[in-house]
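Below is one structure. I have some questions about it.
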Amino acid sequence: MNADGTDDLGLALSVVLRSYLAAAADVFDDLPGGARGYQVLASAAHHALPTQGAIASQLGIDRSVLTYLLDDLEKQKLIQRQPDPADRRARRIVLTKTGESVLARHGKRLSVAEQHALRGLDDREQEMLRNLLWRASAPGTGTQSACDVVQEVVEAF
């Protein structure tokens, strides 16, 4: 490591993550489940009718915990659980119109928080960093889910 710490990836990531978490803290304060609720909505919006099991696996959320979160999102009329025609035991998660609106509104607010956290980079560099981080976090690059990694970092502070 350099004396000034400039090559310490962990330090750089933790500084950016803390800045991001601080800027994003207020974004999700009115959403059931907070950031996890947002992740569920985003997953339902961006994947072809994901099942509860697929969302639990993708986000690294225990299935029983996810059930309670989905209950809360459904009470707010943000999602619907629909039977999977291919598997009667499975339920697909579908955003309602209200859920789409809430996701869009929170997405815009989250974008502002992300801009704040990455304010030292220009737009092109921010896009490059996002792409590199997605590649680095792709399935098969580690055994932990992204949520588990973030939880460990948050608990360390």
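The values are calculated or read from the model by the stated rules, or taken from the named source; none is laboratory data. Keep in mind it's a predicted model, so treat the numbers as computed, not measured. A quick note on method: Cβ atoms are made from the backbone with ideal geometry, for glycine too, and the neighbour counts reach across all protein chains shown. Note: areas computed on protein heavy atoms with side chains; ligands, DNA, RNA excluded. Shrake-Rupley method; radii C 1.70, N 1.55, O 1.52, S 1.80 Å.
To one decimal place, what Kirkwood hydrodynamic radius in Å is obtained for region 20-71 from all pairs of distinct Cα atoms?
In region 20-71 this quantity evaluates to 11.5 Å.
State in Å² the accessible area per residue of region 1-103; use a 1.4 Å probe, count heavy atoms of protein chains only, and round to the nearest integer.
Values: 6180 Å² over 103 residues.
Each residue of region 1-103 exposes 60 Å² on average to a 1.4 Å probe.
Tell me the trypsin sites (Lys or Arg not before Pro) within region 34-92 that lie in a loop according to DSSP and have at most 16 other beta-carbon atoms within 10 Å.
Lys77
Further question on the same structure: Probe 1.4 Å, all protein chains in place: accessible area of Tyr20 in Å², nearest 10?
We get 70 Å² for Tyr20.
What net charge is computed for the residues neighbouring Gly34, neighbours being all others with C-beta under 12 Å from the C-beta of Gly34, Lys and Arg scored +1, Asp and Glu -1?
Within the 12 Å Cβ shell, the charges total -3.
If Lys and Arg each add +1 and Asp and Glu each add -1, what is the summed charge of the other residues whose beta carbon sits under 15 Å from the beta carbon of Gly107? Numbers along the way, then the final one.
Details: positive: Arg105, Lys108, Arg109, Arg130; negative: Asp26, Asp30, Glu100, Glu114.
Within the 15 Å Cβ shell, the charges total 0.
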